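First the structure, in the form of structure tokens, and then the observations on it.
The values are calculated or read from the model by the stated rules, or taken from the named source; none is laboratory data. Note that the coordinates shown come from a computational prediction; the quantities given were computed from them, not determined experimentally. Because the Cβ atoms are built from the backbone with ideal geometry, glycine has one as well, and the counts that use them run over all protein chains shown. Accessible surface areas use protein heavy atoms only, side chains included; no ligands, DNA or RNA. Shrake-Rupley method; radii C 1.70, N 1.55, O 1.52, S 1.80 Å.
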Amino acid sequence: MLPKIDPTTTKSWAKLSEYANQKISIKELVDNPSRLDKFTFTFNDFYFDFSKNEVSESTMSELITLARECNLTDAIQAMFDGKKINETEGRSVHHVALREKSKPEVVKELEKVRLFTQKLHNGEWKGFSDKPITDVVNIGIGGSDLGPKMVSYALRPYWKRITPHFISNVDAAQMVETLENLNPETTLFIIASKTFTTQETITNALSAKSWFIENGGSSDSISKHFVAVSTNESAVNEFGIDSQNMFEFWDWVGGRYSLWSVIGLSIACTVGYDHFEELLKGAHEMDLHFKNTELDENLPVISALLGIWYNNFRGYDSMAILPYDHRLRYLPSYLQQVDMESNGKYINRSGKKVIYQTGPIIWGEPGTNGQHAFYQLIHQGTKIIPCEFIGIAKPAHAHTDHHEKLLANFFAQAEALLTGKSKDQVIDEVGKDASDILVNSKIFEGNRPSTSILIKELTPKNLGSLIAYYEHRVFVQGVIWNIFSFDQWGVELGKQLSKPILKEIKEGKEGNHDSSTNTIMKTYLDMRK
Ligand code: F6P
């Protein structure tokens, strides 16, 4: 059980509220030579630079006190002990055990993954016409899609002979587009669903099965082309997949924390089991850091506390994830689920409505693309957006010039946000006869916060550590906000309401809803005639 402490009742919350309106010059803070000693950290191949954040040392230490007053250390221990901290679902939260491989059932399933991927890669696992598998299609959504997809593309240089594909949306356009270039003889489908009841996944899986049969496959050869990853054996069997072709995980693995389980099968198929293990190892090393390091040197804790400072005291309610690496292009959408599905909640651990902000809006795009899209607002907009830049020192390609330009942009953007451009600098550039309109439009106030993470190489191990860093950041924030980070009741209502609406659509009638919903349904029914 997690403590139920309303953070606003702590002494540190009151202190931080006093600090909240302080004017802070990040530039002045950074000009102090000791700033870097206190706000930069190394961890294996990582360099974390928190120095460009809008936080003074005294505020940071008050934030650490807040974490202590909210019993963070006990909460961390409870998670690592596998306690039932997902109270509203009556479940433990133990994804860290997947990385530690301390449970026999985990080791057993991993061994199954190892043998399966081995057979796939050495061509022993064959399709119905005796050809080896060349393409793997993961059919899943949310946690059963975003993590495997993000990791598979992040590890593109490690791909073996299997090409991965991901189908998630119930919109058949995605499925059609994916399947049109695939050969059923050499395609393997992984149906990935914790519950095996998710509408999108089951609809897509049934259509994939029909596609397979209509294009030369047969019911008898399904076992060579369909495997399942789930916690629900009976639903898997009912779908027509034998338990032998099922990879199992457990209810103590949350959907958005499941890429480390057999939900990561598509990752192992793509990059090989040895690299999947490295991913787990990297996450485990971050777990050990998180569990064993003092709060004031603990990377996920520092990052989480900065987020709380911005969200609850400075009024900055979003966070941009800006990876300067094409391979990490799916990281922002992956983190959207991890963060927003975990902490987008207004009911606290005592069942009462909170009176403070919880989960921020997470968004982002890779650099440099974002620079030509939304960075205008980040630099000169009326909102302050704390940014998290991520760069990789050694690329996996030989185009040094590209890479140097990429990283130059990363460093320049973080610098520009910090320093801005003064009126004098602008006048020097445009001349003193320039209009005020032009001069003022070209001034950058600067003083906009960012964190920079520089990683030596994007190896499976380093990627594992990076993901675990974000997972633990979310955990820390949930503990302090006194909310349950591991349920997701907020996704249920829409699912529920879609059922009668679907029935009405199929029957061609608009139903009995509010006037707006009735009218759009009627318009749809008319339009599609
Ligand atoms: O609807 C939200 C959700 O339950 C997520 O939490 C989960 O990751 C996703 O749906 C998919 O669920 P499943 O793996 O059970 O198909």
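Scanning for something under 21 Å from Pro132 (Cβ atoms), charged (D, E, K, R) and in contact with a strand residue (DSSP E or B) (Cβ under 9 Å, 6 or more places away or on another chain), does the stretch 216-223 turn up at least one residue?
Taking the stretch 216-223 as the starting set, the residues that turn out to be under 21 Å from Pro132 (Cβ atoms) are 216-218, 220-223.
This time we only want the ones that are charged (D, E, K, R), so: 220.
Narrowing further to those that are in contact with a strand residue (DSSP E or B) (Cβ under 9 Å, 6 or more places away or on another chain): none.
No, the stretch 216-223 has no match at all.
Somewhere in the stretch 255-269, is a residue within 15 Å of the ligand (Cβ to nearest atom), over 26 Å from Leu463 (Cα atoms) and open to solvent by less than 50 Å² (accessible area, probe 1.4 Å)?
no
Would you confirm whether or not the stretch 344-362 contains a residue that is in contact with a strand residue (DSSP E or B) (Cβ under 9 Å, 6 or more places away or on another chain), within 16 Å of the ligand (Cβ to nearest atom) and not small (Gly, Ala, Ser)?
yes
I need the full set of residues from the stretch 199-216 which are away from the ligand (no atom under 14 Å from the Cβ) and open to solvent by less than 10 Å² (accessible area, probe 1.4 Å), in order please.
Ala208, Phe212
Check Gln118, Gln174 and return the single one that is touching a residue at least 60 places away in the same chain (Cβ under 8 Å) and over 20 Å from Asp220 (Cα atoms).
Answer to the check: Gln118.
Quick one: what pairs do we get from the stretch 344-357, first residue among the basic types (Lys, Arg), second outside any loop (DSSP other than H, G, I, E, B) and open to solvent by less than 30 Å² (accessible area, probe 1.4 Å), C-beta under 9 Å, 6+ apart or different chains?
Short answer, once both residue conditions are applied: Lys345/Gly478; Lys345/Trp481.
Could you count how many residues in the stretch 129-149 are more than 10 Å from the ligand (Cβ to nearest atom) and either polar (S, T, N, Q) or not in a loop (DSSP other than H, G, I, E, B) (or both)?
So the count comes out to 9.
Has the stretch 189-198 got at least one residue that is surrounded by 15 or more Cβ atoms within 10 Å (Cβ to Cβ), over 30 Å from His326 (Cα atoms), within 12 Å of the ligand (Cβ to nearest atom) and touching a residue at least 12 places away in the same chain (Cβ under 8 Å)? Before you say what the answer is, go through the steps one by one.
Of all residues in the stretch 189-198, those surrounded by 15 or more Cβ atoms within 10 Å (Cβ to Cβ) come to 189-194, 196, 198.
If we keep only those that are over 30 Å from His326 (Cα atoms) too, we end up with 196, 198.
Keeping just the survivors that are within 12 Å of the ligand (Cβ to nearest atom) gives 196, 198.
If we keep only those that are touching a residue at least 12 places away in the same chain (Cβ under 8 Å) as well, we get 196, 198.
Yes, the stretch 189-198 contains at least one residue that is surrounded by 15 or more Cβ atoms within 10 Å (Cβ to Cβ), over 30 Å from His326 (Cα atoms), within 12 Å of the ligand (Cβ to nearest atom) and touching a residue at least 12 places away in the same chain (Cβ under 8 Å).
From the residues in the stretch 232-253 that are in contact with a Lys or Arg (Cβ under 8 Å, 6 or more places away or on another chain) and at pLDDT 95 or above, which one is nearest to the ligand (Cβ to nearest atom)? Even if it seems obvious, please write down each step before you answer.
Initial filter on the stretch 232-253 (in contact with a Lys or Arg (Cβ under 8 Å, 6 or more places away or on another chain)): 232, 240, 247, 249, 251-253.
Narrowing the set further to residues that are at pLDDT 95 or above leaves 232, 247, 249, 251-253.
On the way: Asn232: 8, Phe247: 13, Phe249: 10, Asp251: 11, Trp252: 14, Val253: 10 Å.
The qualifying residue nearest to the ligand (Cβ to nearest atom) is Asn232.
So in the stretch 228-255, with the set limited to residues that are among the aromatic types (Phe, Trp, Tyr) and outside any loop (DSSP other than H, G, I, E, B), which one is nearest to Lys108 (Cα to Cα)?
Going through the qualifying residues, I end up with Phe247.
For the stretch 34-106, which helices (runs of 4 or more DSSP H) that fit wholly inside it have 3 or more residues that are open to solvent by 50 Å² or more (accessible area, probe 1.4 Å) and of a type outside the set (Ser, Thr, Tyr)? Give the derivation first.
Working: elements: 35-39, 57-69, 72-80, 95-100.
Of the helices (runs of 4 or more DSSP H) lying wholly inside the stretch 34-106, those with at least 3 residues that are open to solvent by 50 Å² or more (accessible area, probe 1.4 Å) and of a type outside the set (Ser, Thr, Tyr) span 35-39, 57-69.
Kindly indicate the residue of the stretch 20-33 that is in a helix (DSSP H, G or I) and within 12 Å of Thr419 (Cβ to Cβ) and also most open to solvent (accessible area, probe 1.4 Å) among those meeting that condition.
Restricting to residues being in a helix (DSSP H, G or I) and within 12 Å of Thr419 (Cβ to Cβ), the top hit is Glu28.
Right, Phe290: among the aromatic types (Phe, Trp, Tyr) and more than 21 Å from the chain's Cα centre (by Cα) or not?
no
Could you list all residues from the stretch 473-505 that are assigned to a helix (DSSP H, G or I) and small (Gly, Ala, Ser)?
Gly478, Gly490, Gly494, Ser498
Could you tell me which residue of the stretch 165-188 is farthest from the chain's Cα centre (by Cα), considering only residues that are among the hydrophobic types (A, V, I, L, M, F, W, C) and within 15 Å of the ligand (Cβ to nearest atom)? Show your work before the answer.
Initial filter on the stretch 165-188 (among the hydrophobic types (A, V, I, L, M, F, W, C)): 166-167, 170, 172-173, 175-176, 179, 182, 188.
Cutting the leftovers down to within 15 Å of the ligand (Cβ to nearest atom) gives us 166-167, 170.
Values: Phe166: 16, Ile167: 18, Val170: 21 Å.
Applying the filter and picking the extreme gives Val170.
Could you grab the pairs with beta carbons closer than 7 Å, sequence gap of 6+ or different chains, first residue in the stretch 397-425 and without any contact (Cβ under 8 Å) to a residue 24 or more places away in the chain, second one open to solvent by less than 80 Å² (accessible area, probe 1.4 Å) and part of a helix (DSSP H, G or I)?
Lys423/Val439
Any residue in the stretch 506-515 that is in contact with an Asp or Glu (Cβ under 7 Å, 6 or more places away or on another chain), part of a loop (DSSP other than H, G, I, E, B), open to solvent by 50 Å² or more (accessible area, probe 1.4 Å) and more than 16 Å from the ligand (Cβ to nearest atom)?
Yes, the stretch 506-515 contains a residue that is in contact with an Asp or Glu (Cβ under 7 Å, 6 or more places away or on another chain), part of a loop (DSSP other than H, G, I, E, B), open to solvent by 50 Å² or more (accessible area, probe 1.4 Å) and more than 16 Å from the ligand (Cβ to nearest atom).
Leu16 - would you say it is at pLDDT below 95 and either touching a Ser or Thr at 6+ places or on another chain (Cβ under 9 Å) or within 22 Å of Leu288 (Cβ to Cβ) (or both)?
When the stated conditions are applied, Leu16 does not pass them.
Among the residues of the stretch 452-463, are any over 25 Å from the mean Cα position of the chain (by Cα) and surrounded by fewer than 18 Cβ atoms within 10 Å (Cβ to Cβ)?
no
Would you confirm whether or not the stretch 152-172 contains a residue that is open to solvent by less than 60 Å² (accessible area, probe 1.4 Å), modelled with pLDDT of 95 or more and farther than 29 Å from Asn462 by Cα?
yes
When only residues in the stretch 355-369 that are surrounded by 15 or more Cβ atoms within 10 Å (Cβ to Cβ) and more than 25 Å from Gly143 (Cβ to Cβ) count, which is nearest to the chain's Cα centre (by Cα)? Reasoning before the result, please.
So the first thing to find is which residues in the stretch 355-369 are surrounded by 15 or more Cβ atoms within 10 Å (Cβ to Cβ), and the list is 356-360, 362-368.
Narrowing further to those that are more than 25 Å from Gly143 (Cβ to Cβ): 356, 367-368.
Values: Tyr356: 24, Gly367: 17, Thr368: 20 Å.
This residue is Gly367.
Among the residues of the stretch 150-164, write down those that are more than 16 Å from the ligand (Cβ to nearest atom) and either part of a helix (DSSP H, G or I) or touching a Gly at 6+ places or on another chain (Cβ under 8 Å) (or both).
Ser152, Tyr153, Ala154, Arg156, Pro157, Tyr158, Lys160
Just for the stretch 310-343: of the residues that are small (Gly, Ala, Ser) and away from the ligand (no atom under 16 Å from the Cβ), which one is surrounded by the most Cβ atoms within 10 Å (Cβ to Cβ)?
Selected residue: Ala320.
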